[in-house]
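Data block below; observations after.
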There are 2 protein chains.
Amino acid sequence: MVSTLGLVAACLAASLSTVSGQTFQRLGTCPTLGCILPPDQQDFLPGQQFDIRFEVHAPKNGSEAFNNGVPDDKFTATIAKEGAQPKSLADFFKVSDPALEKWTFSWYEDLFAQDAKTPSIVNVASKIYRRVALYEPGTYTVTLNYYSGKTTTATWTVRPLATKKKAKNVIFFIGDGMTTNMITAARLLAHKMVNGRYQSLLQLDKFPVIGHQMSHSIDSFITDSANSASALYSGHKSTVNAMGVYADSSPDLYDDPKVETIVELLSRIWGSAWGAVSTAFIADATPIALTAHTRSRYQYGPLIDQALNGLTNYTWTQHGGPDVYFGGGAEQFLPGSGSYKGKDYFAEFAKKGYSVSLNKTALAAASNSERALGIFCKSNLPVWLDRNIFPENLAKLTNDPSGKNASAADLPGLKEMTLKAIDVLNTRGGKKGFFLMSEAASIDKQMHTLDYDRALGDLLELDDTVRATVEKLKSLGILDETLIVVSADHGHGFDVFGSADTKYMAAQEDDRKKRQAVGVYQMSGLSQYTVAQPGISYNTGPNFPLNWDPRYVLAGGMGANPDHREAYCVEKTGPRTPAATIAGRGSSDFYVNAKDKPKGFVVNGTLPVDEAQGVHSLTDVPVFAMGPCQEIFGGTYNNIDVFYKIATCLGLGHGTNKTDCGKGGW
Amino acid sequence: MVSTLGLVAACLAASLSTVSGQTFQRLGTCPTLGCILPPDQQDFLPGQQFDIRFEVHAPKNGSEAFNNGVPDDKFTATIAKEGAQPKSLADFFKVSDPALEKWTFSWYEDLFAQDAKTPSIVNVASKIYRRVALYEPGTYTVTLNYYSGKTTTATWTVRPLATKKKAKNVIFFIGDGMTTNMITAARLLAHKMVNGRYQSLLQLDKFPVIGHQMSHSIDSFITDSANSASALYSGHKSTVNAMGVYADSSPDLYDDPKVETIVELLSRIWGSAWGAVSTAFIADATPIALTAHTRSRYQYGPLIDQALNGLTNYTWTQHGGPDVYFGGGAEQFLPGSGSYKGKDYFAEFAKKGYSVSLNKTALAAASNSERALGIFCKSNLPVWLDRNIFPENLAKLTNDPSGKNASAADLPGLKEMTLKAIDVLNTRGGKKGFFLMSEAASIDKQMHTLDYDRALGDLLELDDTVRATVEKLKSLGILDETLIVVSADHGHGFDVFGSADTKYMAAQEDDRKKRQAVGVYQMSGLSQYTVAQPGISYNTGPNFPLNWDPRYVLAGGMGANPDHREAYCVEKTGPRTPAATIAGRGSSDFYVNAKDKPKGFVVNGTLPVDEAQGVHSLTDVPVFAMGPCQEIFGGTYNNIDVFYKIATCLGLGHGTNKTDCGKGGW
């Protein structure tokens, strides 16, 4: 049980562990040589199923080199509820001890080591206990004993029981990358102001409760959309690119310790209907994290199979497949290199009883009582601005979802997809209710490419969708029993700081003179986007700009950029590509894209030169809540708390293993 | 009453008015040639005193040239409550008609006109009705008739009566320029995280209610701190640089139509005590706007006189002078060029019964029952970071408040000033309660100079002050009867986007290679600011960083910048000056300051080259509320609504002219 290693070596490792890099990490969540996953300080919903992995690390070289790279494979572990005696995991969970696993991985200790190509090699011994759960609320301590008396402990908290359903339905809107700053800018674009008073408002402005949630990852303070979505859906933070698992150090992308997600819980406990809608390809992080269990979000094909069929490599709780699945990303459905095992996933879904829609007309006609798949294009859906203001840009694309060399025509937007999803889910969920996640994905995608107009256009589409959703729920008579939450998964450091006179900027030759076109403070003036112009009508309704291309445009920017050029005016020919490589200078060395914003001025970047786009930011993101349980969404909290709040409202915290009961009527 | 001008000219003006610039404006709030101030769409507290100005414009040249530049001086005006007959203003308010005024002003129609130095000249005829009030809640229409039947109308709303005091005291903290993004960054600096869970939190994180307020000006979407403070204190938006007035076009900086502020209302109606605390010079916009009525915030000397003696040029409601006035800015108190009429304002305050403190020791010893002035330095208070971490920087200053050529020693911080203010105000307010505004001014000032560490240090000082305030109120037994509101007046487009390896950056020669030191997403890693380092102890307590100068620093940035250099590490030698002029290139042409951040990389600016600093941004700013009435601060609203919420909670909306009643016990 205790290895015979000498104390000197053990102390050396202990002291080294405190100086290990904060940026480059051997394994996030594991600063010592003994790792418990889930690690210290994690929370659980009572009855939520999960896996537990232990790893013992033996670095072979580098600053932490230990025991000649031989990991202790006789480690032991215990678990104890507060006040009770520790038990072995096998005893506590009444499972048999798993087999020992071994592997090797490597990492760089800092940028100097990376430049010098001197990785540190780590040998690992590990065991994983699969599909366990903690049913009693309270505090638990897990202890890993290794290397002659070294210990790592993890304290876990099981949240209070919550067995009563307080909302029949939950609709969770995610504006990917959406911040309060962007909401403010979108309001200014679309809503007219007279003497400092808006004449109309965003739907978000009408939500009675606002909270702020912290979006950071478990092991880095800037998140990506995979692990933040996972935190929102499971109450467990993870590592960049991971979803539905705590990332371990093994090479297998699918063996990491899993946690049960909101739709798995909801299917198991209440048998409710559930669905996902996204303007991204549907295998993208935010929609796929509802069902995905992997440390790599990039396994698009396999993850679509997980969404339809659940996990097949391990015994695991079943979500039953979505009742609604609408978005882009035909690449993972058409038989070929993008799909799992080259199979035809349109056919796989159809075999399981799904209607399959490839355009807006088919979507509208699809049965509300059958499960519904709608895949409307390859890749992401074209953004609202191109679909509504510059439709000529759509014809340039070869994104037809049926695989034809043609552009996808007859595209639905977020609103059409969401309203149809509500019809199907309300019909199929019936008394058991439903959960819908609806994502405005290109707020994030277009902020990445500094295409502020396209990002804000999609934010306005989200707001318009939320507005239409409230009306729809009213007309179905289910508004009062439906919790609506609108939030984001992370931010981008965007803000508007003034206006720019496009006419003046275009007339200047010199970059410094062009900058004089920017007006700040009182010279920011008033928005011209809401001023009707003779001859311009987009027919996009009262909650969108009347003019996307005024002389005085909003001037906004990011806290960090690739090299690029700024002119602030709308890009009429399609989404921006701000930075590009230059022939002969390497494929990861990005400079100003010579073709982008030729009338603007050059801004050198502040990001690593291998970043072609803007990046995510730290800021807390807003949470807007309306409906049953709205009162628990005020104040400031962690992104995992969004899960616990929704799960509590849905009565998903049980002290017994409620499995496939499916009797959860309203 | 109706001029004899021909229809052709009238129509021309009507059509031109719709194409006038949105950025360059003849007069904000007045797109037509007839102006009503307060303009259309303004709100009033019942009984709130204000002035009404009418202006008729006759542009002599430019795109709006009209009537050979002769303004209609026979204009008339009426006011009508909804459903009632219009009356002349003299009849309605039972005042005599004021004298006609005339003046001329000029403006530029756009940047081309400014470059060409071709101003448009406007002749004006005007009248102003002073010190009126509307007592009945409801809608009022004011109509200005001019130029042969042309009309301008303004619809005003008088808010509901609110005569009951629900909070005895209100403490209103303003983090100048503070955004949710900055709060998130400050939390990461000072509070330790283990596996995605903070081990301690900001005091702001513990507030139960969050709202978002829109900060825009009345006539531009980016505000400055003068008119946003004015909106927060009076419920009336104004123009950049204006406070306590609607900006008119006259050359006189003190004749603009006024509105009554929160402290004027509170003094008049309840006779409560009031005070202001700021880390800025006390004549700066945010503290001075409590009492200032001017269209130019830069009249520092006269505004200190207004703060002590009230208005002397017009009959106006009296605030009685502050009970507490703590901050910097000895220039306006020492006799000389900075003070009003060269007088000694330390003596002027003392004459009126104020204790005068010039350092922290004197502040602590000052009587709690006397009115208290505390001016601790010239200019702004040195920031928290220099006072606590790099005190050697203080010795370089010649900011002694007594006028000696020495550095101010024994400086209080925001916390010491605020806690003392509470002692004095609670003693003096007694049963009548008190209102305190406490401002963390240098969040804004240091964000302007891109000195993120100093800005966030002052944000942490604000949070620490709020924490201490809650404890103080508890110990005084008045926590339950005190509303605490923490908000901001506007934002800066700041966000953190990753980390930077200072060691690696310093070791690189080339700017593009230096950028590789930035780590984004998973490479942002974990904060090192909360990791204790042997030999480093600042004694600043648990809610501040343990290390301000780690190897891996936070990397943050703004949406717009002057030319500057970035290295992201803390500046140890004092506040930053990111941009500077170059000999021979003019005093308003700013380039990278060669002395700033020499190990960093150059970032060319995105702002006009005459801006030496960053600028304010658009974003909605957060409102945190705790105490009586907290429930009305949720959701999204205009900055003026912060005033109406506080005024409602304090019972300041009366249907009669309550003057100096002073009987408002709790």
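The values are calculated or read from the model by the stated rules, or taken from the named source; none is laboratory data. Every value quoted in this text rests on a predicted model; they were computed, and no experiment measured them. Reconstructed Cβ throughout: ideal geometry from the backbone, glycine too, with neighbour counts over all protein chains shown. Heavy atoms of the whole protein, side chains included, go into the accessibility calculation; ligands, DNA and RNA do not. Shrake-Rupley method; radii C 1.70, N 1.55, O 1.52, S 1.80 Å.
Please go through segment B:579-666 and write out the trypsin sites (Lys or Arg not before Pro) that DSSP classes as loop and that have at most 12 other C-beta atoms within 10 Å. Mind dumping the intermediate values first?
Values: sites: B:585, B:595, B:599, B:645, B:658, B:663; in loops: B:585, B:595, B:599, B:658, B:663.
Passing sites in segment B:579-666 are B:585, B:595, B:663.
Explain nothing, just the number: dipole magnitude of segment B:7-158 about its Cα centre with +1 on each Lys and Arg Cβ and -1 on each Asp and Glu Cβ, in debye rounded to the nearest 20.
On the way: 13 positive and 15 negative charges, 69 e Å.
In debye, rounded to 20, segment B:7-158 gives about 320.
Solvent exposure of residue B:128, expressed as accessible area, is near 10 Å², computed with a probe of 1.4 Å over the protein chains only. When the charge dipole of segment A:77-219 is built from unit charges on Cβ atoms (+1 for Lys and Arg, -1 for Asp and Glu) and taken about the Cα centre, the candidate among A:103, A:125, A:212 whose Cα reaches farthest toward its positive end is A:212. In this Cβ point-charge picture (+1 for Lys and Arg, -1 for Asp and Glu), segment B:408-556 has a dipole of about 160 debye about its Cα centre.
What is the sum of charges around residue B:25, taking Lys and Arg as +1, Asp and Glu as -1, for the other residues whose C-beta is under 10 Å from the C-beta of residue B:25? Let's see the in-between values first.
Details: positive: B:26; negative: B:109, B:219.
My count for the surroundings of residue B:25 gives -1.
Between the residues B:626, A:459, A:640, the greatest Cα displacement towards the positive end of the dipole of the protein assembly as shown, with unit charges on the Cβ of Lys, Arg, Asp and Glu, is found for B:626. Partners of residue B:168 within straight-line reach, counting aspartates and glutamates whose Cα lies under 17 Å from its Cα and excluding those fewer than 8 residues away in the same chain: B:264, B:323, B:423, B:480, B:481, B:631. Per residue of chain A, the DSSP helices (runs of n ≥ 4 H) give a summed -39500 (n - 2.57) that works out to -6500 deg cm²/dmol at 222 nm. Could you pull out the pairs from A:645/B:645; A:166/A:432; A:81/A:127; A:420/A:472 whose alpha carbons sit more than 18 Å apart here? As for pairs spanning more than 18 Å Cα to Cα, those are A:645/B:645; A:81/A:127.
Applying 1/(1 + (r/R0)^6) with r as the Cβ-Cβ distance of residue B:599 and residue B:117 and R0 = 60 angstrom yields a FRET efficiency of 0.90. When the charge dipole of the protein assembly as shown is built from unit charges on Cβ atoms (+1 for Lys and Arg, -1 for Asp and Glu) and taken about the Cα centre, the candidate among A:649, B:195, A:52 whose Cα reaches farthest toward its positive end is A:649. For segment A:242-286, place one equal point scatterer on every Cα, skip the solvent, and apply the Debye formula. What is log10 of I(q)/I(0) at q = 0.17, 0.21, 0.25 Å⁻¹? Per q value, in the given order, log10 I(q)/I(0) is -0.68, -0.88, -0.96. Cα centroids of segment A:119-196 and segment A:341-379: how far apart, whole angstrom? Going from one Cα centre to the other spans 31 Å. Restricting attention to the protein assembly as shown, close to 65% of DSSP beta bridges with both partner residues there are antiparallel. Note on segment B:476-618: lysine pairs with Cα distance below 15 Å, sequence gap of 8 or more or different chains, count 10. Give the separation of the Cα centroids, segment A:210-231 to segment A:591-631, in Å. Going from one Cα centre to the other spans 16 Å. Secondary structure note: in chain A, about 65% of the DSSP beta bridges are antiparallel. Relative to its residue count, the protein assembly as shown spans a Cα convex hull of 181 Å³ per residue. Here chain B is assigned +1 on the Cβ of each Lys and Arg and -1 on the Cβ of each Asp and Glu. Its dipole about the Cα centre then comes out at about 1240 debye. A 1.4 Å probe run over segment A:321-477, with the rest of the protein chains in place, finds 32 Å² accessible per residue.
In nanometres and ascending order, the distances from the residue A:97 label point to those of the other copies are 10.3 (point 7 Å from Cα along Cα→Cβ).
Pairs spanning more than 25 Å between alpha-carbon atoms, out of A:351/A:474; B:94/B:258; A:74/A:658; A:237/B:192; A:94/A:341: A:351/A:474; A:74/A:658; A:94/A:341. If you sort the three axes of the alpha carbon gyration tensor as a ≥ b ≥ c, you get a/c of 1.5 or more for segment A:503-656 and a/b no higher than b/c, which makes it oblate.
Given a 1.4 Å probe and heavy atoms of the protein chains only, how would you sort A:611, A:471, largest accessible area at the top? Don't skip to the end; give the middle numbers.
Numbers: A:611 45, A:471 100 Å².
Accessible-area ranking of A:611, A:471, largest first: A:471, A:611.
In the complete set of protein chains, residue-level accessible area for residue A:29 is approximately 20 Å², probe 1.4 angstrom.
Based on the Kirkwood approach, the hydrodynamic radius assigned to chain A is 26.3 Å, with every pair of different Cα atoms included.
Rolling a 1.4 Å probe over the protein heavy atoms leaves residue B:164 with an accessible area of roughly 140 Å².
Neighbours of residue A:81 by Cβ distance under 10 Å: Lys/Arg scored +1, Asp/Glu scored -1, total -1.
Rounded if a/c is under 1.5, else prolate if a/b beats b/c, else oblate: with a ≥ b ≥ c from the C-alpha gyration tensor eigenvalues square-rooted, which is segment B:373-500? Numbers along the way, then the final one.
Numbers: a/c = 2.31, a/b = 1.30, b/c = 1.78.
The shape class here is oblate.
How would you classify segment A:7-158 from its alpha-carbon gyration tensor, with a ≥ b ≥ c the square roots of the eigenvalues: rounded for a/c under 1.5, else prolate if a/b is greater than b/c, otherwise oblate? Before the final figure, lay out each step's value.
Numbers: a/c = 2.08, a/b = 1.86, b/c = 1.12.
It comes out prolate by the Cα gyration axes.
Among B:109, A:392, B:509, A:370, what's the order by accessible area (1.4 angstrom probe), most exposed first? Mind dumping the intermediate values first?
On the way: B:109 45, A:392 110, B:509 170, A:370 85 Å².
In descending accessible area the options line up as B:509, A:392, A:370, B:109.
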